[in-house]
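Let me begin by presenting the structure, written as structure tokens, before commenting on it.
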Amino acid sequence: MSGVVDAVRALIAPLTRTRVFRRVIGPLLLPPVERLIARLSGGRVQLSALLVPSLVLHTLGVKSGAPRDVPLMYTPDGQGRAIVAGTNFAGSRHPAWTANLLAHPDAEITVRGRRMPVRATPVPDDERDAAWARIEAQWPGYRGYERSSGRAVRLFRLQPVGPAQPVGDRRRPGTTAAGVLREILAPISRTTPFRRFATTVLPAVERFAWRASGGRVQLTAAVVPSLVLHTTGAKSGEPRDAPLMYTPDGHGRAIVAGTNWAGARHPAWTANLLAHPDAEITVRGRRMAVRATLIPEDQRDATWAVMEAQWPDYREYERDSGRTARLFLLTPVRRPPRSV
């Protein structure tokens, strides 16, 4: 997973320095979306945490004295502290939270659903270059925001106080961003608007990201195990590629389901596998040969149970489609076998 995340960062980092992202997406769209997800998940999930370490900073307004919350990217400093940068998406003004910390350095942060008190200290001038180097090792070109803003960005170290664990020190079982995000997205993915989006827009976006990254990146892989299936067209005989979610079966094989987002028809790739069971898959940039076998009827319930342990209520697609979704087991055929 880390390789996928690093590759996605490398792709997205240049986009975050564009004018559209700085003026619209970053300052206007992302904060309310982050707050909504945080509230829905009880503070356990930040979307940005799928790509970079993220937290919610809880401060007191420098003028109002009222509580203020802001979602931020942070960089671990290697000593149990978090470094945060007041880039404000290259805006000419310092973000309000930096003024709040200067006036009230005793604050709190929430990281992966865990709230803790911290004390904020500005990074001294003679340590700024080293701090920026650490930040840019995590997010390439991040200091470009400072250069474009025309000001010296305020950098802070957040030191946990009291009995709290170091920032980023521990991840509690069952509260990973990806795991909780699955719980949130699963019911949303069964709505009619999402199904229409998924059948028309999502595959094209996945293919673009996959090709642009040289086969290293699938966006859905940040949430669930994903692969690209390479088949031969049942009628055309032409190569066909399909990005798919898969479920490991525990024996080095992958289970894939032809749900087609509850569409009334079987997806074309399932017909391709029936006609040409010898295929290939790409997983995390690694391409391998596989043989596809249709899951027997007496094993379908157990197979669905394995898939639904990964993606809640996944079988609802089959029920809503009015057909029996085709389930396949993809077995690597190279020797020695490689785990999917």
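Filter the stretch 236-284 down to the residues that are without any contact (Cβ under 8 Å) to a residue 60 or more places away in the chain and part of a strand (DSSP E or B) and list them by number.
In the first step, residues of the stretch 236-284 are kept if they are without any contact (Cβ under 8 Å) to a residue 60 or more places away in the chain; the result is 236-244, 250-251, 264-265, 267-281, 283.
Residues satisfying the conditions are P239, R240, D241, A242, P243, L244, D278, A279, E280, I281, V283.
In the stretch 290-318, what residues are modelled with pLDDT under 95 and hydroxyl-bearing (S, T, Y)?
Passing the criteria: T303, Y314, Y317.
List the helices (runs of 4 or more DSSP H) inside the stretch 1-113, counting only whole elements, that have at least 2 residues being closer than 27 Å to S148 by Cβ and at pLDDT below 85.
Here the list reads 2-16, 30-40.
Can you pull out the residues in the stretch 196-222 that are of a type in the set (V, I, T) and modelled with pLDDT under 70?
V217 - this is the single residue of the stretch 196-222 that is of a type in the set (V, I, T) and modelled with pLDDT under 70.
For residues that are farther than 13 Å from F156 by Cβ and either surrounded by 15 or more Cβ atoms within 10 Å (Cβ to Cβ) or touching a residue at least 40 places away in the same chain (Cβ under 8 Å) (or both), tally how many sit in the stretch 114-131.
4
Please state which one of P243, P225, P193, P248 is at pLDDT 75 or above and out of contact with any helix residue (DSSP H, G or I) (no Cβ under 9 Å at 6 or more places or on another chain). Let's see the steps before the verdict.
Working: P243 fails: out of contact with any helix residue (DSSP H, G or I) (no Cβ under 9 Å at 6 or more places or on another chain); P225 fails: out of contact with any helix residue (DSSP H, G or I) (no Cβ under 9 Å at 6 or more places or on another chain); P248 fails: out of contact with any helix residue (DSSP H, G or I) (no Cβ under 9 Å at 6 or more places or on another chain).
Exactly one residue qualifies, and that residue is P193.
Looking at R287, R323, which one is in a loop (DSSP other than H, G, I, E, B), in contact with a His (Cβ under 9 Å, 6 or more places away or on another chain) and either at pLDDT below 95 or among the charged types (D, E, K, R) (or both)?
R323
Report the residue count in the stretch 96-105 for those that are touching a residue at least 24 places away in the same chain (Cβ under 8 Å) and either in contact with a Pro (Cβ under 7 Å, 6 or more places away or on another chain) or surrounded by fewer than 20 Cβ atoms within 10 Å (Cβ to Cβ) (or both). Can you show your working first?
Kept after step one, since they are touching a residue at least 24 places away in the same chain (Cβ under 8 Å), are these residues of the stretch 96-105: 96-104.
Those still in the list that are either in contact with a Pro (Cβ under 7 Å, 6 or more places away or on another chain) or surrounded by fewer than 20 Cβ atoms within 10 Å (Cβ to Cβ) (or both) too: 96, 99, 102-104.
Total meeting the criteria: 5.
Can you work out which of the residues in the stretch 114-148 that are in a helix (DSSP H, G or I), under 21 Å from the mean Cα position of the chain (by Cα) and not β-branched (V, I, T) is nearest to P76 (Cα to Cα)?
The qualifying residue nearest to P76 (Cα to Cα) is Q138.
The values are calculated or read from the model by the stated rules, or taken from the named source; none is laboratory data. What you are looking at is a predicted structure, and each value in this text was computed from that prediction instead of being measured. All Cβ positions, glycine included, derive from the backbone under ideal geometry; neighbour counts span all protein chains shown.
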